[in-house]
Amino acid sequence: MTHPKHDKADDLAELKEVITADGSITFHNPKYDSEYHSRSGAEEEAVKKYAEQSNLAELAKTEHSIRILDICFGIGYNSAAAIDAINAVDPKCSINVLGIDNDPQIIAKIQDVNSKFLSYDKIKKLSKNKINEKQHWVKEDNVQMMLFINDARIVLKMLAKENNPALRFDAVFLDPFSPIKCPELWTEDFFKDIRMVMKKKAVLVTYSCARAVRDNLKHAGFIVKDGQCIGRRGPSTIAVN
Ligand SMILES: C[S@@+](CC[C@H](N)C(=O)[O-])C[C@H]1O[C@@H](n2cnc3c(N)ncnc32)[C@H](O)[C@@H]1O
């Protein structure tokens, strides 16, 4: 697997808006020559692949507090879809989201996005509300979100080192660019760190069904299942701790 070519000019290249088949917006990233979502529907992908498959609506029937780790936050659709799904069941459920993305440019782009998600105003506030260069934060109604602008491997090492059982996650969204374009976020070591910060029986959901990804998840200790096929030929992947 190869890293995408990278030089300084790439960092400044324009993220181009793309309209997907469900009418929702995504972007094209020139550095990775990749889009942030499937062309078949960006918001649909967030709902069906991430919010629904992590069973958050079911969890909201019994839990008063839910913690979500959104790795590769991008324009925040996965978190927004999850918050909407939980609020539809119990608007009093306390929701904690920890998002991670290493690119401040895409976080700034959130201000240009109009989304159908009811909670998207909170994502916009998060993108604006900087504590410092590396952290954004918002707390409103039942939702608290922290966003780290950093390499996900560094943040996961830090969280795994803290190893605080009270801060473990109920669901993890893993949404990097493809294993070819972004191999560093699909490794067994990275998956082991993610597992350390998850509750027992918590799920990690991701769009990839690549054999190497699933092998790495298994070697890291997850039980791996097929998710639904949405907008692409293969199934997505659900990994249970
Ligand atoms: C497929 S997009 C994520 C789309 C996002 N989940 C959404 O709903 O908009 C992949 C994201 O991974 C981020 N990324 C790439 N390498 C990263 C790294 N090492 N650590 C953290 N984020 C990274 C990119 O900046 C990009 O926003």
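Numbers for the structure displayed
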{"quantity": "Single residue of the stretch 184-202 satisfying the filter (within 12 Å of the ligand (Cβ to nearest atom) and buried (at least 17 other Cβ atoms within 10 Å of the Cβ)) that is farthest from ILE123 (Cα to Cα)", "calculated": "THR187"}
{"quantity": "Test: residue in the stretch 105-117 that is free of Cβ contacts under 8 Å to residues at least 40 places away in the same chain and either within 8 Å of the ligand (Cβ to nearest atom) or in contact with an Asp or Glu (Cβ under 9 Å, 6 or more places away or on another chain) (or both)", "calculated": "no"}
{"quantity": "Count of residues meeting criterion [in a strand (DSSP E or B) and either among the aliphatic types (A, V, I, L, M) or within 12 Å of the ligand (Cβ to nearest atom) (or both)] in the stretch 83-102", "calculated": "6"}
{"quantity": "Flag for ALA212 being within 24 Å of GLU35 (Cβ to Cβ), of a type in the set (A, V, I, L, M, F, W, C) and under 14 Å from the mean Cα position of the chain (by Cα)", "calculated": "no"}
{"quantity": "Residues (modelled with pLDDT of 95 or more and part of a loop (DSSP other than H, G, I, E, B)) located in the stretch 54-82", "calculated": "SER54, LYS61, THR62, GLU63, HIS64, CYS72, PHE73, GLY74, ILE75, GLY76"}
{"quantity": "Hits in the stretch 208-236 - residues which are in contact with a Lys or Arg (Cβ under 8 Å, 6 or more places away or on another chain), modelled with pLDDT of 95 or more and within 17 Å of PHE173 (Cβ to Cβ)", "calculated": "ALA220, PHE222, VAL224"}
{"quantity": "Residue in the stretch 31-53 that is nearest to the ligand (Cβ to nearest atom), counting only those that are surrounded by 16 or more Cβ atoms within 10 Å (Cβ to Cβ) and part of a loop (DSSP other than H, G, I, E, B)", "calculated": "TYR36"}
{"quantity": "Out of PRO165, PRO235, sole residue that is of a type outside the set (Val, Ile, Thr), in contact with a Cys (Cβ under 7 Å, 6 or more places away or on another chain) and away from the ligand (no atom under 14 Å from the Cβ)", "calculated": "PRO235"}
{"quantity": "Failed item, numbered, when ILE131 is tested on (1) farther than 22 Å from GLU43 by Cβ; (2) in a helix (DSSP H, G or I)", "calculated": "(2)"}
{"quantity": "Some residue of the stretch 115-128 being in a loop (DSSP other than H, G, I, E, B), touching a strand residue (DSSP E or B) at 6+ places or on another chain (Cβ under 7 Å), among the hydrophobic types (A, V, I, L, M, F, W, C) and modelled with pLDDT of 95 or more", "calculated": "no"}
{"quantity": "Failed item in (1) within 16 Å of the ligand (Cβ to nearest atom); (2) of a type in the set (Gly, Ala, Ser); (3) over 16 Å from ASN241 (Cβ atoms), with ALA160 passing the rest", "calculated": "(3)"}
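The values are calculated or read from the model by the stated rules, or taken from the named source; none is laboratory data. Note that the coordinates shown come from a computational prediction; the quantities given were computed from them, not determined experimentally. Methodologically, a virtual Cβ is constructed for each residue, glycine included, from the backbone with ideal geometry; neighbour enumeration extends over all protein chains shown.
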